[in-house]
Amino acid sequence: MALVLVVTGVGLVLAVLAWLPRVGSPLQGAISAAMLAALLTVGGVLLFTNDGVAGWGDDSRALLLLVAGGFAVAGGGPLTTSVLAVVDRGSPPKQSTLQAGEVLRGGALIGALERGAIFATLVSGWPEGLAIVLAIKGLARYPELKSPDNPGAVTTHAVAERFIIGSFTSVLWSIACAGLLLA
C-alpha cells in the first residue's frame, strides 16, 4: 500500500514538473516517460497484489483517489504534447500537430477538464459518463475541425490529427489513472 501511494505521489510530482519545460521538448518527453513508468509500476504492483485496493482502509483509498485524480488531470497534458511531438518528427510546419494547437485554442484547459470528468465518471462507477464527455468535446470542437480559423498556417488534416491523437492519449491516460482505484 505504501509503495503504491509513494510511486503515485512521485508520478504526480513529475506530472507537475512536466509542465515547466518547453512544450514538446526532449526534457518534457523524458519526464512524461518517467510518469508513464510510474503509472505502469503502480499498475503492475496492484495487478499482482491479491486484493488490489479492495483490502485498503477508507483513508488510504481516499488518499489514492486524490493523488491519482491529480495525476490524471496534471499528467495527461504533458504526455499528450510529448506524443504529438513524436508524431510531428519530420513533418513540415503546415502539417505540424503542435502548431495546430494554435487553431484549437484552450486545449490544455479543455484537456484537463476532460481528464477530470473522465476520471470522476469512472471512479464513481458511471462509465457511461465517458461517452457524454467525449460527445460534448466533439460537438464543441466540430466547427474548428471542419473549418479552422487559421487555414494558412496549418492544414485541416493537422488540426483533425491533433484532435484525434490528443483526445485518445488524454482519455487513455485518465482511464489508466482511474484504473488504479478500480484494481
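Every number in this text was worked out from the coordinates using simple rules, so none of it is lab data. Predicted model, so just to flag it, every value in this text is computed and none were measured. Ideal geometry is used to build each Cβ from the backbone, glycine not excepted, and the neighbour counts take in all protein chains shown.
Worth pointing out:
- Region 2-182 pair-distance distribution - Cα-Cα, 5 Å bins, rounded %: 1, 9, 17, 19, 18, 15, 10, 6, 3, 2, 1, 0
- Descending by average beta-carbon neighbour count within 10 Å, the peptides 115-124, 171-180 line up as 171-180, 115-124, the highest first.
- A prolate overall shape is assigned to region 1-91, the ratio a/c of its alpha-carbon gyration tensor axes (a ≥ b ≥ c) being 1.5 or greater and a/b exceeding b/c.
- For residue 73, net neighbour charge (Lys/Arg +1, Asp/Glu -1) across residues whose Cβ lies under 11 Å away: 0
- The chain: most fluctuating residue of 161, 114, 128 per GNM, C-alpha cutoff 10 Å: 128
- Burial ordering of 1, 35, fewest other beta-carbon atoms within 10 Å first: 1, 35
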